[in-house]
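First comes the structure, then the notes that go with it.
The values are calculated or read from the model by the stated rules, or taken from the named source; none is laboratory data. Values in this document were obtained by computation on a predicted structure and should not be read as measured data. Cβ sites come from the backbone with ideal geometry, for glycine too, and all protein chains shown count toward neighbours. Remember, those area values only see protein heavy atoms, side chains included, never the ligands or the DNA or RNA. Shrake-Rupley method; radii C 1.70, N 1.55, O 1.52, S 1.80 Å.
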Amino acid sequence: MKKLLLILQLNFLPRSADAGLLVLRLWLGLSLLLLHGKAKLLDFADLSHKFPDPLGIGSTASLVLALFAELVCSGLLALGLVTRFAALSAAFMMGVAFFIVHKGSLAMGSGSGELAFIYLAGFVTLLIAGPGRFSMDACLQRARAVETEAAA
């Protein structure tokens, strides 16, 4: 029984919160960029007149903000560059999508905000946890530390 429990706990696999954050950043960032942002960019002319306007700033402005989160911020997340800002921007967009556009609905079928809710959870996690060691933010931080030591 002890052996079975050890096997089921998968303790033979290496543990790394930093690798987990890398996978989460890449998964969320690239999927949002490639599956949602790219489609909106390619269909910008058609969408700009009929895109939802949940904040009352106009359809085109709302689409531009969504594109900023889905293209720029998701790319920054994948790179791990200004990660917390990018995660905050993406979380805000997904919060608006889930709570306002989809009215907080997790019901199955048309109009469900389930995907926005899942993205929101991932972005809030990255906002809280930060980018991890395998990120451009961490590289920049190490470079600043070396510069500071050299200047001292």
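Is at least one residue of segment 50-69 hydrophobic (A, V, I, L, M, F, W, C) and under 11 Å from the mean Cα position of the chain (by Cα)?
Checked against the condition, which is being hydrophobic (A, V, I, L, M, F, W, C) and under 11 Å from the mean Cα position of the chain (by Cα), segment 50-69 yields at least one hit.
Taking the numbered list (1) open to solvent by less than 30 Å² (accessible area, probe 1.4 Å); (2) without any contact (Cβ under 8 Å) to a residue 12 or more places away in the chain; (3) under 29 Å from R142 (Cβ atoms) in turn, G75 passes all entries but (2). Somewhere in segment 92-111, is a residue within 16 Å of R25 (Cα to Cα) and either surrounded by 14 or more Cβ atoms within 10 Å (Cβ to Cβ) or not aliphatic (A, V, I, L, M) (or both)? Yes, some residue in segment 92-111 is within 16 Å of R25 (Cα to Cα) and either surrounded by 14 or more Cβ atoms within 10 Å (Cβ to Cβ) or not aliphatic (A, V, I, L, M) (or both). Screening segment 11-35 for residues that are more than 12 Å from the chain's Cα centre (by Cα) and at pLDDT 85 or above and picking the one that is surrounded by the fewest Cβ atoms within 10 Å (Cβ to Cβ) gives R15. Filtered by the rule that a residue be open to solvent by 50 Å² or more (accessible area, probe 1.4 Å) and over 15 Å from M93 (Cβ atoms), segment 42-57 gives L42, D43, F44, A45, D46, H49, K50, G56.
Could you tell me whether F134 is open to solvent by 70 Å² or more (accessible area, probe 1.4 Å) and within 12 Å of the chain's Cα centre (by Cα)? No; evaluated as a whole, the condition is false for this residue.
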